[in-house]
1. Return the residues of segment 117-156 that are among the hydroxyl-bearing types (Ser, Thr, Tyr) and without any contact (Cβ under 8 Å) to a residue 60 or more places away in the chain; say none if nothing qualifies.
2. Restricting to segment 118-135, name every residue that is open to solvent by 30 Å² or more (accessible area, probe 1.4 Å) and out of contact with any Asp or Glu (no Cβ under 6 Å at 6 or more places or on another chain).
3. Out of THR230, THR249, THR335, report the one residue that is within 24 Å of GLU203 (Cα to Cα) and either open to solvent by 50 Å² or more (accessible area, probe 1.4 Å) or polar (S, T, N, Q) (or both).
4. Looking only at segment 314-324, how many residues end up being among the charged types (D, E, K, R), surrounded by 13 or more Cβ atoms within 10 Å (Cβ to Cβ) and not in a strand (DSSP E or B)?
5. Quick one: which of LEU187, LEU196, LEU160 is at pLDDT 95 or above and either open to solvent by less than 10 Å² (accessible area, probe 1.4 Å) or under 21 Å from ALA233 (Cβ atoms) (or both)?
6. Please go through segment 233-242 and give me each residue that is under 13 Å from GLU269 (Cα atoms) and either open to solvent by 10 Å² or more (accessible area, probe 1.4 Å) or basic (Lys, Arg) (or both), ordered by number.
7. Identify all residues within segment 25-43 that are more than 11 Å from HIS69 (Cβ to Cβ), in contact with a strand residue (DSSP E or B) (Cβ under 7 Å, 6 or more places away or on another chain) and not small (Gly, Ala, Ser); write none if there are none.
8. If we only count strands (runs of 3 or more DSSP E) wholly inside segment 218-281, which ones have 3 or more residues that are under 23 Å from MET52 (Cβ atoms)?
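The values are calculated or read from the model by the stated rules, or taken from the named source; none is laboratory data. Just so it is clear, the structure is predicted and the values come from calculations on it, not from any experiment. Cβ coordinates were reconstructed from backbone atoms using ideal geometry, including for glycine residues, and neighbour counts include every protein chain displayed. For the accessible areas, the whole protein counts, side chains as well, though only heavy atoms, and no ligand, DNA or RNA atoms are used. Shrake-Rupley method; radii C 1.70, N 1.55, O 1.52, S 1.80 Å.
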Amino acid sequence: TLEYAGTRELTIDGHGATLAGDHLRTDLLHVTSGADVTLRDLTLTDGGGWTMDHVATDGEDEGSASALHLEVPAAATGTVDLTLREVTVEGMAGHGVWVDDNAGSPASVRASVRDTTVRDSGTGAFDRDGVRIDETGAGDLVWTGRDNLFTGIGADGVELDERGAGDAVATSRGTAFTDNGSYCLPLADRTDEEELACVEDGELDLDDGIDVDEADAGSIVARVARATVTGNADEGLDWDESGTGSVLTDITRSELSGNRDEGFKTTEEDAGDVLVTASRTRVHGNLANDGIQLEEDAVGDVRVALHRVEVTDQAEGDGVKVDEVDAGDLTMLVTPVSYTHLTLPTSDLV
């Protein structure tokens with residue numbers, strides 16, 4: 001492992017160089033201090049030596065090999081910035097890139113990722129993602145991605161996990177999330193064995209194209225534009241908000257097709273609203289449940305506006321399913337003409 005313990009910003013301009021782990025079963029690059037990190041024009045590859053043909057058996061975990069592990073110490077404050085430009089990550093047993101604020105610092109985490117590819121990673125253990133950001137303290141989690149590819153990842157292509165008091169703000173433009181989340185599929189004939197890490201209630205717990213979770217006070221604010229979200233083993237887009245806060249999402253000019261579960265699923269479990277707009281988007285041939293599923297399980301309103309959205313050829317379930325379970329109103333507008341989109345924070349948009 002290459003380790004950096006300094007607090008000043010670390011910038012590596014690779015000029016096309018490759019950092020190869022040669023089956024190294026630990027992180028290639030580990031930043032231990034919560035310093036800001038910028039990587040440019042660099043390939044990080046071959047950590048762990050596993051492929052998707054290998055599935056960890058009980059107690060086996062070779063998934064510690066991440067290309068970049070950016071650790072945020074408990075005392076960190078302000079904002080920790082990760083910037084990736086023209087970076088390729090491939091062949092990693094663990095997370096491709098992991099921003100690790102599991103110490104619960106009050107710092108926010110902000111990631112800006114552009115022209116980057118993460119592929120064939122998360123192959124050494126359960127629940128290892130292409131890019132994983134854990135933000136467990138009081139700060140916000142902000143993701144801005146443009147013109148990226150996340151493909152062939154064992155778990156989620158991207159997982160944004162905000163478990164403290166703060167918002168999860170995600171903006172993605174021109175990015176493809178394809179064929180992710182199938183690490184556990186070789187265990188399909190063993191789903192009765194609850195001790196397996198990826199079996200829950202007798203069913204395989206597979207993963208998504210992009211998964212955004214917000215589990216405390218705070219909202220999910222997401223904008224997805226020109227996305228290709230296809231062939232993922234669970235949902236294409238999966239938003240879960242379980243604390244006090246709302247879900248605000250705008251999806252435009254995107255393809256959400258051929259996923260094994262819903263193309264887009266939102267669950268809001270506590271008090272808060274669900275506000276979703278989608279336009280010029282195709283949801284086609286997803287294999288289970290609904291094409292679009294929006295759930296509000298507690299007090300709060302649901303407002304949905306669909307403009308020129310095509311939902312076709314669902315194998316089962318409904319094309320669009322909207323549930324408002326507790327006190328609150330449900331309003332849905334389906335129209336072929338223009339309408340006013342949600343007002344989302346502009347400072348974090350691409």
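1. If we filter segment 117-156 for residues that are among the hydroxyl-bearing types (Ser, Thr, Tyr), which is where we start, we get 117, 121, 123, 136, 144, 151.
Within segment 117-156, THR117, SER121, THR136, THR151 qualify.
2. Within segment 118-135, PHE126, ASP127, ARG128 qualify.
3. On the way: THR249 fails: within 24 Å of GLU203 (Cα to Cα); THR335 fails: within 24 Å of GLU203 (Cα to Cα).
So the residue among THR230, THR249, THR335 that is within 24 Å of GLU203 (Cα to Cα) and either open to solvent by 50 Å² or more (accessible area, probe 1.4 Å) or polar (S, T, N, Q) (or both) is THR230.
4. 1
5. Working: LEU187 fails: at pLDDT 95 or above; LEU196 fails: at pLDDT 95 or above.
Of the residues listed, the single one that is at pLDDT 95 or above and either open to solvent by less than 10 Å² (accessible area, probe 1.4 Å) or under 21 Å from ALA233 (Cβ atoms) (or both) is LEU160.
6. Taking segment 233-242 as the starting set, the residues that turn out to be under 13 Å from GLU269 (Cα atoms) are 239-242.
ASP240, SER242, listed by residue number.
7. Within segment 25-43, ASP36, THR38, LEU39, ARG40, ASP41, LEU42, THR43 meet the criteria.
8. Values: elements: 220-225, 228-230, 237-241, 247-252, 255-257, 264-268.
Fully inside segment 218-281 and qualifying: 228-230.
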